[in-house]
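Q: One structure is given below, represented as structure tokens, and several questions about it will come after.
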Protein chains: 2
Amino acid sequence: MSYPKVALIGLGLIASSMFWAMRRAGMDSHVTGYARSQDTRDTARRIGLCDEIVDTAEDAVRGADLVVLAVPVGAMGRVAQAIGPCLKPGCSITDVGSVKAAVIEQVRPHLPEGVNFVPAHPMAGTEHSGPEAGFAQLFDNRWCLIVPDGASDEATERLEAYWQALGANTERMDVAHHDQVCAVVSHIPHLIAYTMVGVADDLSRVSDQEVIKFSAAGFRDFTRIAASDPTMWRDVFMNNKDATLEILGRFTEELFALQRCIRTGDGDTLHDYFTRTRGIRRGIVEAGQDTDAPDFGRGGKKD
Amino acid sequence: MSYPKVALIGLGLIASSMFWAMRRAGMDSHVTGYARSQDTRDTARRIGLCDEIVDTAEDAVRGADLVVLAVPVGAMGRVAQAIGPCLKPGCSITDVGSVKAAVIEQVRPHLPEGVNFVPAHPMAGTEHSGPEAGFAQLFDNRWCLIVPDGASDEATERLEAYWQALGANTERMDVAHHDQVCAVVSHIPHLIAYTMVGVADDLSRVSDQEVIKFSAAGFRDFTRIAASDPTMWRDVFMNNKDATLEILGRFTEELFALQRCIRTGDGDTLHDYFTRTRGIRRGIVEAGQDTDAPDFGRGGKKD
Ligand SMILES: NC(=O)c1ccc[n+]([C@@H]2O[C@H](COP(=O)([O-])OP(=O)(O)OC[C@H]3O[C@@H](n4cnc5c(N)ncnc54)[C@H](OP(=O)(O)O)[C@@H]3O)[C@@H](O)[C@H]2O)c1
Ligand SMILES: NC(=O)c1ccc[n+]([C@@H]2O[C@H](COP(=O)([O-])OP(=O)(O)OC[C@H]3O[C@@H](n4cnc5c(N)ncnc54)[C@H](OP(=O)(O)O)[C@@H]3O)[C@@H](O)[C@H]2O)c1
């Protein structure tokens with residue numbers, strides 16, 4: 001059972017991919033879209049994104065059975081505040097934010113009684129953003145984490161069925177655990193990649209031109225991940241502080257231990273460490289979670 | 001002008017790929033191979049690697065016009081010591097080590113007068129190792145850095161032509177600069193990936209099973225790079241101490257600054273940082289150094 005009327009608030013990579021995936025799935029929902037800037041709304045109209053593009057978030061959500069908040073994490077609260085009074089009683093509202101505790105804290109107070117809030121997080125993306133970045137295959141075989149956080153079973157199951165129709169696998173998770181898992185598998189890897197690229201960019205003795213030329217030796221994929229949208233990632237770190245700082249603390253601790261091994265010439269410890277980390281890789285390959293071409297979490301390919 | 005007789009010392013990923021690439025190029029060199037273990041020599045004979053597999057390094061190099069040291073960086077010195085007295089006067093000797101200053105320091109003292117030592121470093125690899133890991137395409141369009149370090153122009157040009165025939169682009173570089181460039185584009189990215197995987201493996205609140213399941217969100221490619229051979233990487237860090245420690249120092253410094261931004265809620269600085277790092281990515285794409293599928297430096301694909 002799909003949703004007859006869907007409102008997409010924010011028309012970037014995720015929302016536009018959702019729209020194309022809905023069309024591919026043959027859903028006959030009427031989809032209304034809204035984005036903050038005239039520019040994005042014009043583009044959306046030009047490329048046929050959504051059945052209708054409207055000029056205010058309030059207009060977009062009126063009468064909708066499902067409202068999807070697809071804006072940066074830091075903007076979720078303000079959007080919820082604006083649309084709260086216009087939500088149809090009994091409708092479902094979800095978000096696609098990469099962080100869950102902070103989004104729930106910022107969104108929930110603005111929602112009227114009788115509305116079903118079912119937070120979710122499709123774990124799929126590319127380094128591109130905006131209304132033209134989306135494609136129908138983005139969520140295929142990727143995980144969409146559903147964080148019911150008190151939502152009814154019925155509303156939760158309906159959203160799960162929706163995401164599955166878009167191509168994703170779904171899994172329920174509690175709020176705090178979601179934010180921890182994502183800190184490990186996504187947020188800190190991104191921060192580290194940004195840092196590595198920043199360091200390389202900043203060296204005087206190795207030129208940018210050389211870094212670019214020889215980047216294929218390992219560095220290159222850090223640059224892809226570090227080309228992701230700055231606003232999105234700023235908001236992730238501002239809104240998942242505790243979990244990211246905890247993992248970061250562990251990371252620097254281990255890095256210092258390895259640094260010390262290099263300095264003191266303790267090759268045995270390095271060798272043990274490099275051996276131990278092979279197990280996880282084996283698990284990923286055995287679980288069928290990797291293919292020949294690593295792609296930093298970008299399963300689908302735009303064609 | 002190729003080399004009539006070539007000796008490959010060490011029969012792992014790099015040496016076996018060199019052999020298949022020589023065959024693909026139609027070189028009619030006679031290739032003799034040697035590896036330390038009976039096991040590897042047996043495998044090499046079984047799969048038809050080299051024209052002849054011999055049981056000592058000394059036998060392998062006798063009469064050779066080109067000797068290739070393709071063993072871990074930490075083993076280069078001992079191998080050079082064993083074969084030094086058996087080298088044909090006027091022959092060329094090269095290595096494929098990922099580090100250059102330490103290899104040169106360890107190898108040169110064992111070489112007789114009149115032998116041309118031309119260190120080199122093909123920047124290509126996969127996370128697999130051993131005699132069966134090689135394939136002819138490994139070096140295609142990848143860089144092979146040539147570090148003449150005093151070798152004659154004639155010997156250097158001959159080695160360059162050889163690597164180009166194997167599919168690589170060549171570039172000359174001086175020793176210290178080579179080790180610095182590789183610390184940035186390869187060694188530190190690998191150390192960081194190993195560390196991230198080690199941290200994930202070590203958490204109590206997020207299980208290995210979860211890390212594996214949701215690895216596609218960014219973490220996964222760190223595991224591929226961190227599945228590389230432990231001996232090779234131990235030797236790299238033990239033998240490129242100064243350059244790796246310097247880059248690591250810069251890395252932790254920047255990481256601390258970003259960590260501080262997260263802690264204090266300084267979103268503007270984070271946003272600026274995440275914006276700045278996009279430039280290098282643009283450079284890489286413009287230079288044609290990346291394709292759609294990031295592969296952590298593993299250009300060729302085994303089929
Ligand atoms: N990209 C990923 O890899 C990924 C993966 C999983 C989840 N997510 C989450 O999905 C959400 C959207 O990401 P995306 O990649 O689709 O972003 P995007 O391509 O950058 O699009 C963001 C959209 O939000 C609008 N917007 C930005 N700031 C706003 C504000 N202050 N108020 C109202 N609207 C605003 C933008 O409007 P204008 O175009 O008019 O500026 C744009 O339409 C984020 O919460 C992110 O955490 C992203
Ligand atoms: N893999 C890469 O990504 C890459 C890229 C560029 C350069 N390199 C460099 O290429 C060299 C070889 O790497 P590889 O990937 O080909 O390694 P590999 O597949 O692990 O093979 C190493 C070979 O060296 C032999 N060997 C190991 N330890 C030895 C010792 N102490 N004495 C004598 N022989 C020994 C091994 O013999 P057994 O099989 O009998 O043990 C094996 O034949 C290294 O210096 C590495 O730094 C590697």
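Q: So which residues in the range B:203-222 are among the charged types (D, E, K, R) and either assigned to a helix (DSSP H, G or I) or more than 7 Å from chain A (Cβ to nearest Cβ) (or both)?
A: First, the residues of the range B:203-222 that are among the charged types (D, E, K, R): B:205, B:208, B:210, B:213, B:220-221.
Those that are among the charged types (D, E, K, R) and either assigned to a helix (DSSP H, G or I) or more than 7 Å from chain A (Cβ to nearest Cβ) (or both): B:208, B:210, B:213, B:220, B:221.
Q: Scan the range A:70-89 and tell me whether some residue there is within 30 Å of residue B:267 (Cα to Cα) and among the charged types (D, E, K, R).
A: Scanning the range A:70-89 turns up at least one residue that is within 30 Å of residue B:267 (Cα to Cα) and among the charged types (D, E, K, R).
Q: Take the range A:163-202 and flag every residue that is part of a loop (DSSP other than H, G, I, E, B), of a type outside the set (Asp, Glu) and at negative phi.
A: A:166, A:168, A:173
Q: Within the range A:53-96, count every residue that is surrounded by fewer than 23 Cβ atoms within 10 Å (Cβ to Cβ), within 11 Å of ligand 1 (Cβ to nearest atom) and of a type in the set (D, E, K, R).
A: 1
Q: What pairs come up if the first residue lies in the range A:97-126 and is within 14 Å of chain B (Cβ to nearest Cβ) and more than 19 Å from residue A:166 (Cα to Cα), the second is within 11 Å of ligand 1 (Cβ to nearest atom) and part of a helix (DSSP H, G or I), and their beta carbons are under 8 Å apart, counting only those six or more places apart or on different chains?
A: The qualifying pairs are A:99/A:73; A:99/A:182; A:99/A:235; A:99/A:236; A:99/A:239; A:102/A:73; A:102/A:239.
Q: Would you be able to tell me the number of residues in the range A:90-132 that are of a type outside the set (S, T, N, Q), part of a loop (DSSP other than H, G, I, E, B) and within 14 Å of the chain's Cα centre (by Cα)? Working first, answer last.
A: Step one: filter the range A:90-132 for residues of a type outside the set (S, T, N, Q), giving A:90-91, A:93, A:95-97, A:99-105, A:107-115, A:117-125, A:127-128, A:130-132.
Adding the requirement that they be part of a loop (DSSP other than H, G, I, E, B) leaves A:90-91, A:96-97, A:99-100, A:111-115, A:118-119, A:123-125, A:127-128, A:130-132.
Now narrow it down to the ones that are within 14 Å of the chain's Cα centre (by Cα): A:96-97, A:99-100, A:119, A:123-125, A:127-128, A:130.
Result for the range A:90-132: 11.
Q: Now, a different point. List the residue pairs whose Cβ atoms are under 9 Å apart, where the first residue sits in the range A:55-70 and is outside the structural domain of residue A:34 (by TED's automatic domain parsing), the second is assigned to a loop (DSSP other than H, G, I, E, B), and the two are 6 or more positions apart or on different chains.
A: Close Cβ pairs satisfying both conditions: none exist.
Q: Mind counting the residues in the range B:253-278 that are more than 7 Å from every other protein chain (Cβ to nearest Cβ) and over 13 Å from residue A:199 (Cα atoms)?
A: Number of matching residues: 7.
Q: Which one of these does residue B:2 not meet: (1) under 24 Å from residue B:145 (Cα atoms); (2) among the hydroxyl-bearing types (Ser, Thr, Tyr); (3) crowded, with 18+ Cβ neighbours inside 10 Å?
A: (3)
Q: If you go through the range B:236-250 one residue at a time, do you hit one that is modelled with pLDDT under 90 and charged (D, E, K, R)?
A: Taking every residue of the range B:236-250 in turn, none turns out to be modelled with pLDDT under 90 and charged (D, E, K, R).
Q: Next question, about the same structure. Just to verify a result, which residue in the range B:223-246, among those that are within 21 Å of residue A:199 (Cβ to Cβ), within 7 Å of another protein chain (Cβ to nearest Cβ) and of a type outside the set (D, E, K, R), is nearest to the chain's Cα centre (by Cα)?
A: This residue is B:233.
Q: Right, another one. May I ask you to list pairs of residues, at least six apart or on different chains, whose Cβ atoms are under 7 Å apart, with the first in the range A:8-32 being within 14 Å of chain B (Cβ to nearest Cβ) and the second being within 16 Å of ligand 1 (Cβ to nearest atom) and part of a strand (DSSP E or B)?
A: Sorted first by the residue in the range A:8-32, then by its partner, the pairs are A:14/A:122.
Q: Restricting to the range A:1-34, count the residues that are under 18 Å from the mean Cα position of the chain (by Cα) and within 11 Å of ligand 1 (Cβ to nearest atom).
A: Total satisfying the criteria: 11.
Q: Does the range A:161-179 include one or more residues that are within 8 Å of chain B (Cβ to nearest Cβ) and among the hydroxyl-bearing types (Ser, Thr, Tyr)?
A: Within the range A:161-179, not a single residue is within 8 Å of chain B (Cβ to nearest Cβ) and among the hydroxyl-bearing types (Ser, Thr, Tyr).
Q: Being of a type outside the set (A, V, I, L, M), buried (at least 20 other Cβ atoms within 10 Å of the Cβ) and either more than 25 Å from residue A:193 (Cα to Cα) or within 16 Å of ligand 2 (Cβ to nearest atom) (or both) is the filter here; which residues of the range A:138-155 pass it?
A: Answer for the range A:138-155, where residues must be of a type outside the set (A, V, I, L, M), buried (at least 20 other Cβ atoms within 10 Å of the Cβ) and either more than 25 Å from residue A:193 (Cα to Cα) or within 16 Å of ligand 2 (Cβ to nearest atom) (or both): just A:148.
Q: Can you list the helices (runs of 4 or more DSSP H) lying wholly within the range B:1-82 that have 3 or more residues being within 12 Å of ligand 2 (Cβ to nearest atom)?
A: B:13-24, B:38-47
Q: From B:120, B:124, B:101, which residue is within 16 Å of residue B:182 (Cα to Cα) and out of contact with any helix residue (DSSP H, G or I) (no Cβ under 7 Å at 6 or more places or on another chain)?
A: The match here is B:124.
Q: Within the range B:223-250, which residues are outside any helix (DSSP H, G or I) and not polar (S, T, N, Q)?
A: Scanning the range B:223-250 gives B:226, B:227, B:229.
The values are calculated or read from the model by the stated rules, or taken from the named source; none is laboratory data. Treat the numbers as computed from the prediction; the structure is a model and nothing was measured. Glycine gets a Cβ as well: all are built from the backbone with ideal geometry, and neighbour counts include every protein chain shown.
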